[in-house]
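Taking it in order: structure first as structure tokens, then the write-up.
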Amino acid sequence: MKTTDLLIVGAGPAGLSAALAAAQAGVRALVIDENQRPGGQLFKQIHKFFGSGVHKAGTRGFRIGEQLLKETLEQNVEVQLGYPVYGLFPDGRAVCGSPEGAQEIRAKKIILATGANENNLCFEGSTLPGVMTAGAAQTMINLHHVLPGQRVVMIGSGNVGLIVAYQLLQAGAQVAAVVEAAPAIGGYGVHAGKLRRAGVPFYVSHTVHRAIGTDSVEGVELVKLDNFRKVDGTQLEIPCDTVCMAVGLTPMVELARLAGCEMTEIPALGGVVPMHDENMRTTNPDVYIAGDISGVEEASTAMEEGRLAGTAAAEALGALDAETAARLKDEIRRRMALLRSGEFGAKRQAAKETIVRRCEAFEAGRQEEGERA
Amino acid sequence: MSMEPSCPVKGPGIPSAERRAKGPVACIECFQHIPCNPCEASCPRHAITIGGEITGLPHLDETLCNGCGLCMTRCPGLAIFTVDESGENARVSFPYEYVPLPQAGDAVTCTDRDGHPLTQGTVVRVRQSPAFDHTAVVTVEIPKALSMQVRFIDRSSIPGR
Amino acid sequence: MSDMDRRVHAHPILDDLREPDTYIWYHDTKIPAVTGEPVAAALMASGIRVMRHTVKTGQPRGIFCGIGRCNDCKMVVDGVPNVRTCVTPVREGMRVETQQGLGAWRDEA
């Protein structure tokens, strides 16, 4: 059995940032990821990021990823790739797959940075080849440089849908439509503006009624929505060879559940997430979370959460004194608050505060129970 | 098909007609309170101010701005343009992240914010620099009356495609 | 089908585009591939979209999530069924076949 002070599951922006923060505090973490490459989804992000200078705003996502990876390796953080972690016990034992069979790792502290899964929609023909998640299309064009098709219909106008649609244009595809069930575009107006200038039609208050095709998709039939209800007789056919779904993400909380972490439902952040406090610590005192597992946001917030969790875990392991840790954590929280401001960020900020409040209430209840017992 | 109206061209980042007539100036079409401020630091003349909160809208000091266009390539939203109405025709510059790039001298169809064709124009300049990180700046010459409407080109109109 | 080329040969942002330097077999057709790319990317580049047919109704399935989660891209690779082609790197001369239902090991087929 392998032992480590700090085990980090997931080598995306949150996990790597956590490892880096811990390493800077003198804690050598072991990072495990099931993928063959580190960086999570960061290397697929070829657009310039929002934020401010401290968040490397104006820099393309994959360059931020390269920088983060370089810094992590310079700190001699051990990153084990190709190992899926599929078991986690409340006492801190993790089990992962490896070419030699199941492997057990015992850690004093664990940070889960497992990310999120893309949601999907069910409609007639939604299982046809050529219908895929926006993330799949993004992986193909930006990592592997292969176009999933020539003419794409994007379902969902949140930032993921808008960004991937733009990147499909950049890779040389046509975007035949961006479809949005709500009456207005969901993502940033400036992202939508890039597509509009390129002449991409937007269909708000519309959804996909069905995808047409036998062995692969040949078109979609859209239908108008009135207050999210389909309006009969408004079907409209658009020829396409690819349909992408960008309809939200769901935090991947399975390992947190196995570790006995209490969950809470918070729709604004993608559904059920592990309760956590201001230090990203769950109700299992040895388990921390960071990034999309703690609520779906953006890569820049994931990196700040990773730094916060890494710093807090290092403090809990005795590598940082309380005063230094408090100073570092305050700086991180200030930067994080900037990313959660404004008309788009405020909702996420409020949702995050709700999680922390619920976690505090849970802990208070647990303490009370303990005192009574 | 429903389409939202194109973004209204008014706000703290939009230069006055008087200023536009004097020569190139930035036109910052950023109307939502996004947590983002790289444009502020990108301006060597300190003509762009976001203020204390990074969600503030960029405010253009049109007397300081000389229309150099550096901000255009730093804006992650590709929401900054430059407009120059000092000549016989207007010149509009916009960020461009596609291949192939148009070339100076190309006759192209110029489009509005929704990609609708408005006029024929001529590409007069294409700027690229390592500092722009693959965001090129394309300048077209168009009739002056359309300077606040033209914001892009129809890519299929680039000669040789 | 294998004449189709969906590779991105020019890109405004990315400058590490790679051209095929190896090949795999899709049934009896030789498909160009880039060393290290997932099998699914090589197939997609040649316009191949159907990866498997479902157990009960034989419906076609293709790439869906692209990151090893959904199982829609499972194929028979070098005689081994249920290989997720979106996370399996190509190896020169690898044999890839459409999977029927749950698939079968080559020696059982």
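The values are calculated or read from the model by the stated rules, or taken from the named source; none is laboratory data. Note that the coordinates shown come from a computational prediction; the quantities given were computed from them, not determined experimentally. Here the Cβ is made from the backbone with ideal geometry for all residues, glycine too, and neighbour counts use every protein chain on show.
Note on region C:44-100: among residues that are without any contact (Cβ under 8 Å) to a residue 12 or more places away in the chain and at the interface with another protein chain (Cβ under 7 Å from one of its Cβ atoms), the one that is farthest from C:ASP3 (Cα to Cα) is C:ARG69. Of all the criteria given as (1) within 13 Å of chain C (Cβ to nearest Cβ); (2) modelled with pLDDT under 95, the one not satisfied by A:GLU78 is (1).
Of the residues making up region A:194-214, those that are polar (S, T, N, Q) and buried (at least 23 other Cβ atoms within 10 Å of the Cβ) number 0.
Taken over region A:187-211, the criterion of being of a type in the set (S, T, N, Q) and more than 7 Å from chain B (Cβ to nearest Cβ) is satisfied by A:THR207 alone. Of all the listed residues (B:GLY105, B:GLY115, B:GLY121), the sole one being away from chain A (no Cβ under 13 Å), of a type in the set (Gly, Ala, Ser) and part of a loop (DSSP other than H, G, I, E, B) is B:GLY105. Total residues in region A:119-143 satisfying the condition of being within 17 Å of C:CYS70 (Cβ to Cβ) and surrounded by fewer than 23 Cβ atoms within 10 Å (Cβ to Cβ): the figure is 8.
A:ALA337 meets the stated requirement of being free of Cβ contacts under 8 Å to residues at least 40 places away in the same chain, within 14 Å of chain B (Cβ to nearest Cβ) and either in a helix (DSSP H, G or I) or touching a strand residue (DSSP E or B) at 6+ places or on another chain (Cβ under 9 Å) (or both). Would you be able to say whether some residue in region A:354-373 is within 14 Å of another protein chain (Cβ to nearest Cβ), assigned to a helix (DSSP H, G or I) and not aliphatic (A, V, I, L, M)? No; the residues of region A:354-373 include none that is within 14 Å of another protein chain (Cβ to nearest Cβ), assigned to a helix (DSSP H, G or I) and not aliphatic (A, V, I, L, M). Taking region B:32-82 as the range and being away from every other protein chain (no Cβ under 14 Å) and in contact with a Gly (Cβ under 8 Å, 6 or more places away or on another chain) as the test, the residues that pass are B:HIS59, B:LEU60, B:ASN66, B:GLY67, B:THR82. Looking at region A:46-53, can you tell me whether even one residue there is touching a Lys or Arg at 6+ places or on another chain (Cβ under 8 Å), over 22 Å from A:GLU254 (Cβ atoms), of a type in the set (A, V, I, L, M) and not in a helix (DSSP H, G or I)? Yes - at least one qualifying residue is present in region A:46-53.
Among the residues of region A:277-299, is there at least one that is among the aliphatic types (A, V, I, L, M), surrounded by 22 or more Cβ atoms within 10 Å (Cβ to Cβ) and farther than 30 Å from A:PHE62 by Cα? Looking for residues that are among the aliphatic types (A, V, I, L, M), surrounded by 22 or more Cβ atoms within 10 Å (Cβ to Cβ) and farther than 30 Å from A:PHE62 by Cα, one finds none in region A:277-299, hence no. Look at B:SER86 and say whether it is at pLDDT 95 or above, surrounded by fewer than 17 Cβ atoms within 10 Å (Cβ to Cβ) and touching a helix residue (DSSP H, G or I) at 6+ places or on another chain (Cβ under 8 Å). Criteria met by B:SER86.
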